[in-house]
1. Quick check: anything in segment 115-132 open to solvent by 80 Å² or more (accessible area, probe 1.4 Å) and more than 24 Å from residue 75 (Cβ to Cβ)?
2. Is it true that residue 61 is at pLDDT 95 or above, touching a Phe, Trp or Tyr at 6+ places or on another chain (Cβ under 7 Å) and open to solvent by less than 10 Å² (accessible area, probe 1.4 Å)?
3. Kindly indicate which of 34, 11 is assigned to a helix (DSSP H, G or I) and under 26 Å from residue 117 (Cβ atoms).
4. Quick one: which of 72, 138 is open to solvent by 70 Å² or more (accessible area, probe 1.4 Å), on the phi < 0 side of the Ramachandran plot and either of a type in the set (Asp, Glu) or at pLDDT 95 or above (or both)?
5. Six or more apart or on different chains, Cβ atoms under 9 Å: show the pairs whose first residue is in segment 11-27 and within 15 Å of residue 39 (Cβ to Cβ) and whose second is outside any helix (DSSP H, G or I).
6. Using beta carbons and a limit of 9 Å, which pairs, at least six apart or on different chains, have the first residue in segment 96-114 and open to solvent by 10 Å² or more (accessible area, probe 1.4 Å) and the second one outside any helix (DSSP H, G or I)?
7. Quick check on segment 65-80. Is at least one of its residues of a type in the set (Phe, Trp, Tyr) and under 23 Å from residue 115 (Cα atoms)?
8. Which is in a helix (DSSP H, G or I) and out of contact with any Ser or Thr (no Cβ under 9 Å at 6 or more places or on another chain), of 46, 21?
Amino acid sequence: MFDDDDNRDRAQFFEAARQSAQREYEQDNTNAQALVRWGGALLELAHYKQGSESKEMIQQAIVQLNKAIKIDPKRPEAHWCLGNAYTSLGFLQDEKEKAKEHFNEAATCFKSCQELEPGNATYKKAIDMCNKAPDYYDEIQTHIKAEQLAGGAGGLGEGRIWVWLQLVSETM
């Protein structure tokens, strides 16, 4: 996917973005946009973490994004990022039933996006993806387990699962 230098550069970029957004929010705790950027950066950084570290980072993103929605519930990008966080967390669950709960939460977020911007076809596509996510769950878990057995990251595998999800969504 990326060579090590690209991974390192991207991770550094998102870490700097996270820190900047966190500082902005700490200066103004009503800044929903800073929280969205903070949560989005955490979600991107999760791509470079392994196993429970990636899950924990996604959960931190969910906290920040929920704060943003509480401040400004009419901000579609907050709902969008939150939906992506729940989808990602769902695919990383060990139990399919727990994964389905996260997929349902993601669909709710994407439906909120669609209500805020009814003409945006991307939101409908995201809802459709959530409906199909349980079918993809088993295949993704197989990839994760195979990577663990091969001595890989045991988590997101430097974003390979994320790329796979993107490819799947493009074929829908």
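1. Checked against the condition, which is being open to solvent by 80 Å² or more (accessible area, probe 1.4 Å) and more than 24 Å from residue 75 (Cβ to Cβ), segment 115-132 yields at least one hit.
2. For residue 61, the condition - at pLDDT 95 or above, touching a Phe, Trp or Tyr at 6+ places or on another chain (Cβ under 7 Å) and open to solvent by less than 10 Å² (accessible area, probe 1.4 Å) - is not met.
3. Exactly one of 34, 11 is assigned to a helix (DSSP H, G or I) and under 26 Å from residue 117 (Cβ atoms), namely 34.
4. Exactly one of 72, 138 is open to solvent by 70 Å² or more (accessible area, probe 1.4 Å), on the phi < 0 side of the Ramachandran plot and either of a type in the set (Asp, Glu) or at pLDDT 95 or above (or both), namely 138.
5. As it stands, the answer is 21/31; 24/31; 25/31, since those pairs meet every condition given.
6. 100/93; 101/93; 102/92; 102/93; 112/73; 114/120
7. There is at least one residue in segment 65-80 that is of a type in the set (Phe, Trp, Tyr) and under 23 Å from residue 115 (Cα atoms).
8. 21
The values are calculated or read from the model by the stated rules, or taken from the named source; none is laboratory data. A quick note: this is a predicted structure, and the numbers were derived from the prediction, not measured. A quick note on method: Cβ atoms are made from the backbone with ideal geometry, for glycine too, and the neighbour counts reach across all protein chains shown. Accessible surface areas use protein heavy atoms only, side chains included; no ligands, DNA or RNA. Shrake-Rupley method; radii C 1.70, N 1.55, O 1.52, S 1.80 Å.
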